[in-house]
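A short write-up of the structure that comes next.
The values are calculated or read from the model by the stated rules, or taken from the named source; none is laboratory data. Keep in mind that what you see is a predicted model, and the values were worked out from it rather than measured. Glycine gets a Cβ as well: all are built from the backbone with ideal geometry, and neighbour counts include every protein chain shown.
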Amino acid sequence: MYSGISEIKLLGENFKKVAQFEKRCPTIIENLRDGFVVVNTGLQILYINNAFAEMLDYKTDDIIGKNLLEFTAYPRDQIALLNGIIRRAKNYQDNYDLHFCTQKGGVILTNIAPTPYLDDASKPVASFAVVKNLSEIQKKENILQYQAHLLRYISEGVIVTNPNGEIDYFNPTAEQILEFNLSDVLHKSVFNLFPLDRSHYIELVKDNFPLGKGVYEELEYITPAGIKKHLRVSTAILKNNALFIGTVTIVSDITELVTSRQEAEKANNAKSEFLANITHDLRNPMIGVLGATDLLSQESLNDYQTDLVQTVQKSGKQLLELINDILDLSRIEAGHALGTIKEFNLSELINECLETTSRKINVNNLQLIKAISPQIPTNLIGDAIQLRRVILNLLDNSVKFTPEGYIKIEITPLKHKQENEIILQFSIEDTGIGIPTTQIKNVFEAFHQIDNHDNKGTGLGLAICKQLIENMRGEIWVNSGVNQGSIFTFQLPFQKPFNNIAANTNPVARYSPATTAAKSILVVDDNLTNAKILSYMLKNAGYLVQQAANGQACLDILDEVDIDLIIMDMHMPILNGYETSKIIRNSTANYNNVPIVALTAYTLTGDFAHCINAGCNYHLTKPISSSELYLVLEKILDKNPTNHSAKADIKEELPEFFATTTILIDKLKSNIENMAYEEVTRICHQIKEAALPLGYINLSNATDIVFQYATYADNQKLQLAFTNLRLLFSHAKKTSLS
C-alpha cells in the first residue's frame with residue numbers, strides 16, 4: 001500500500017516543498033476536475049489525485065508506484081512520454097495529447113501539461129502535470145471547447161468574420177501561414193489580408209455570395225517579410241437559420257505543392273522536348289535514304305539495280321520501324337499516347353499483319369487462318385497503330401512456339417455498349433507447345449520467359465501487349481496447357497464511323513509537268529540533304545523550286561519572289577518554322593495568305609494542333625514519300641491554289657475529334673470514379689489540346705476546370721465540373737453533326 005505523501009517523502013529533502021504544498025492544499029488538488037500526477041525521472045508514479053484515478057477507472061492506491069508507461073494506449077504515446085522526460089531534464093515545459101487505457105479496456109484522449117520540479121540546486125528531480133480529459137470534453141461537457149482545441153491545432157488556417165467582413169477569429173495556423181499576429185488583424189477587414197488579389201477576391205465574393213455560393217480560389221500572397229507564397233483560399237457562408245452571420249475561410253499554404261507542380265511540368269516538358277528532338281534527329285536522315293530510293297525506283301533500272309534499290313528501301317523501312325519501336329517504348333514509359341485514334345479498315349490491317357507474319361514462317365506445315373465476323377463494320381475508329389503492334393506481337397509469339405499445325409486469328413463482335421460503339425473480341429489460337437499452367441499467371445510480366453526453351457527473346461512482347469491493350473481500355477488473358485497450344489484473347493472497344501465509307505487510298509503517282517510548271521514552291525529546311533531530296537521530288541513533278549535554310553532566309557525570299565506554296569520544316573535554327581509561319585500570317589504583305597505545309601519529324605500527339613495554331617494549312621511527318629507529297633500538293637494547288645484554309649482541314653478533323661473525345665470522356669468518367677486524379681489531369685490535357693485548335697473555347701475552358709479540381713483532389717467539385725464538361729461536349733457534337 002502506497003500513499004502519495006509517503007512516496008514523495010521517499011525522495012528525501014528534494015520533495016519537502018511538494019509534500020508541504022500537498023499538506024497545505026489537499027482540498028485544491030483532490031477537488032480538481034482535471035487529473036493531477038507526479039512522476040519521478042523514470043516515470044514512476046509518485047502521486048495522483050482522485051480525478052486522474054477515476055479517468056482510468058482505478059483506485060489511487062492501485063496506481064501509485066507503477067510506471068506511467070503501463071497505462072498508455074499506443075506506442076506513440078510511450079514515445080511522447082519518453083521524449084517529454086528528456087525535455088524535462090533540460091527544464092522544458094510541454095503540452096501535448098496522450099491516449100490512456102482504462103481498467104475496463106477503453107481508451108481516453110487526454111491533454112497533459114507536464115512541468116519539471118526542481119530541487120534547491122535547480123536540478124529537475126521530478127515532473128508534475130495537469131491532465132485534461134478531452135474525451136469528456138468531446139462527448140459530454142464542452143463540445144465548443146473541443147472544437148476550439150481542434151481549430152487551434154488544425155493544420156489549416158481558419159479565419160471567421162462577422163457580417164461586415166471583419167475578422168473575429170484567427171487561429172494560430174493562420175498566424176503562421178499569413179505571418180500576422182491575431183492582434184494585428186482582429187476586427188479588421190479580411191480583404192486587407194490579400195493586397196495582391198484584393199479586387200479579384202472582392203469580385204468573387206460579390207459574384208458568389210448573393211447566390212449562396214462560397215469562394216474557392218488560389219491566390220498569390222506576399223508576407224510582411226516580403227516572401228511570396230501560394231495560398232488556396234476557400235470561403236463559405238455562415239448562417240443562423242436564414243440570417244447571414246458571417247463567413248469562415250480556410251487558408252492552405254500550397255507553395256510547396258505549386259512549386260512541385262511547376263517542377264513536374266518543367267520535367268515533363270523537358271522529357272517531351274527531348275523525345276521530340278531525338279525523334280527529329282533520328283528520323284531526319286531517313287528522308288535522305290528513303291527519299292533517294294523513292295526517286296531511284298522511278299527511274300529506268302535493270303533487274304539487278306531494281307533489286308538493290310528494293311533492298312535498300314526494305315532495310316530503310318525496317319530501320320525506321322526499329323527507330324519507331326524504340327521511341328514508342330520511351331513514350332509508353334513517359335505516359336504519352338503511342339498512336340492516334342482515327343478511322344481504319346480492320347480487314348486490311350489484319351491482312352497486313354498476316355502477310356508480315358507469313359514472311360517469318362520457315363516451315364511448310366504451318367498455316368495462317370483468319371476468321372472475321374461479317375457483322376463487324378468494314379471501317380472502325382480506334383488506334384490502329386497500337387492494335388497492329390499487339391496483333392503482330394501475338395502472332396510472332398505463336399510462330400516462335402508453333403513448329404507445325406496452324407495459327408488462327410478470329411474476331412467477333414462481343415457486345416454493343418452504346419449505339420456508336422462496338423466491342424470486339426480477338427482470339428489468336430495456335431497448336432504450339434503451350435504454356436505450363438504454373439507459368440500462365442506470370443506470362444504477361446516483363447522479362448518473363450518460358451523455361452527451358454530455345455526460342456528466347458527479351459520477354460517484353462506479352463508485357464507490352466498487355467500495357468497497350470490496357471491503354472486502349474481493354475483486357476487480355478490466355479488459356480493454355482503443355483502440348484495443348486495456346487489461345488490469347490483480348491477485348492477492345494471501338495467507335496463506329498459516322499459514315500462507313502472507305503476512303504480512297506490509291507496513291508497519286510506523279511504530276512504531269514504541263515499542269516504544274518507555273519507553280520513556284522519554297523522549300524525551307526536547314527538540313528541540306530532533306531531540302532535536296534524534296535527539291536528533286538518537286539522538280540521531277542515540274543515545279544519551280546526555291547530553297548531557304550531557315551525562317552529568316554524564307555522571309556527574305558518572300559520579299560523578293562512570288563511563291564505559290566511553302567514547305568516549312570518546323571525545327572530550324574535562327575528562326576523556327578512556328579515563328580516564321582506566325583510572322584507570315586501576321587504580315588501585311590501580299591504573301592500573308594500563301595499556303596504552308598508544315599514538315600516535322602515529331603510523332604507526339606498534338607503536332608497538327610501546334611502547326612495549325614502557327615498558321616500552317618497542312619502537316620506532314622518525316623520521312624515522306626513522293627506520293628504523299630504529291631497528294632497534298634494536289635489538294636492545295638490543283639483545286640484551290642490561293643485560298644486554301646485550315647478550316648477545310650478542321651472540318652475533316654471533326655469526326656475523328658468527336659470519336660476520340662468520346663473515348664476520352666468515358667476514360668475521364670472512369671478515372672474520376674476511381675479517384676485516379678493524375679490520370680484525369682493527363683486526359684484533360686489531351687482533350688484541351690484537341691479542342692482548342694478546332695475553336696471549341698468553352699469546351700477547352702471547361703476542361704481546365706476539371707483539371708484544376710483534379711489537381712486539388714476535390715472529388716465533389718470535380719464531379720460537378722465533369723458533368724458540365726460532358727454537357728458541353730454533347731452539345732458541340734450534336735451541333736456539329738446537324
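Some observations on this one:
- Of all residues in region 343-370 being polar (S, T, N, Q) and closer than 27 Å to ILE381 by Cβ, the one that is modelled with the lowest pLDDT: THR356
- Filter result for SER520 (among the hydroxyl-bearing types (Ser, Thr, Tyr), surrounded by 18 or more Cβ atoms within 10 Å (Cβ to Cβ) and either at pLDDT 90 or above or within 17 Å of LEU599 (Cα to Cα) (or both)): no
- Within region 559-573, the set of residues being surrounded by fewer than 23 Cβ atoms within 10 Å (Cβ to Cβ) and under 10 Å from ASP526 (Cα atoms) comprises HIS571, PRO573.
- Residue within region 372-384 that is touching a Gly at 6+ places or on another chain (Cβ under 6 Å) and under 19 Å from LYS466 (Cα atoms) present: yes
- Subset of region 578-600 [in contact with a His (Cβ under 7 Å, 6 or more places away or on another chain) and either of a type in the set (Gly, Ala, Ser) or at pLDDT 95 or above (or both)]: ALA598
- Whenever a residue of region 521-533 is within 20 Å of TYR578 (Cα to Cα), its partners that are of a type in the set (Lys, Arg), lying with C-beta atoms within less than 8 angstrom and at least six residues away or across chains, give the pairs ASN530/LYS622.
- Considering region 534-552, and only residues there that are in a helix (DSSP H, G or I) and within 43 Å of the chain's Cα centre (by Cα), the residue that is farthest from GLU579 (Cα to Cα) turns out to be MET537.
- Residues of region 362-405 satisfying the condition of being among the small types (Gly, Ala, Ser), under 16 Å from PHE488 (Cβ atoms) and under 33 Å from the mean Cα position of the chain (by Cα): none
- Just so you know, in region 299-322 the residues that are modelled with pLDDT under 80 and surrounded by 15 or more Cβ atoms within 10 Å (Cβ to Cβ) include one that is farthest from ALA270 (Cα to Cα), and it is LYS317.
A quick yes/no check of all residues on (1) loosely packed, with under 14 Cβ neighbours inside 10 Å; (2) outside the structural domain of VAL39 (by TED's automatic domain parsing):
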residue: ASN67; (1), (2): no, no
residue: GLN78; (1), (2): no, no
residue: ARG87; (1), (2): no, no
residue: GLN93; (1), (2): yes, no
residue: LEU98; (1), (2): no, no
residue: VAL125; (1), (2): no, no
residue: ALA129; (1), (2): no, no
residue: ILE167; (1), (2): no, yes
residue: LEU178; (1), (2): no, yes
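- Region 471-488 - residue that is under 18 Å from ASP383 (Cα atoms) and not acidic (Asp, Glu) and, of those, modelled with the lowest pLDDT: ASN471
- Scanning region 297-322 for residues that are charged (D, E, K, R) and under 19 Å from ILE533 (Cα atoms) returns GLU299, LYS314, LYS317.
- Cβ separations smaller than 9 Å between residues 6+ apart or across chains give no pair from region 553-571 residues that are in a helix (DSSP H, G or I) and at pLDDT 90 or above to residues that are charged (D, E, K, R) and surrounded by fewer than 21 Cβ atoms within 10 Å (Cβ to Cβ).
- Taken over region 154-165, the residue count meeting the criterion of being free of Cβ contacts under 8 Å to residues at least 60 places away in the same chain and either surrounded by 20 or more Cβ atoms within 10 Å (Cβ to Cβ) or not hydrophobic (A, V, I, L, M, F, W, C) (or both) is 2.
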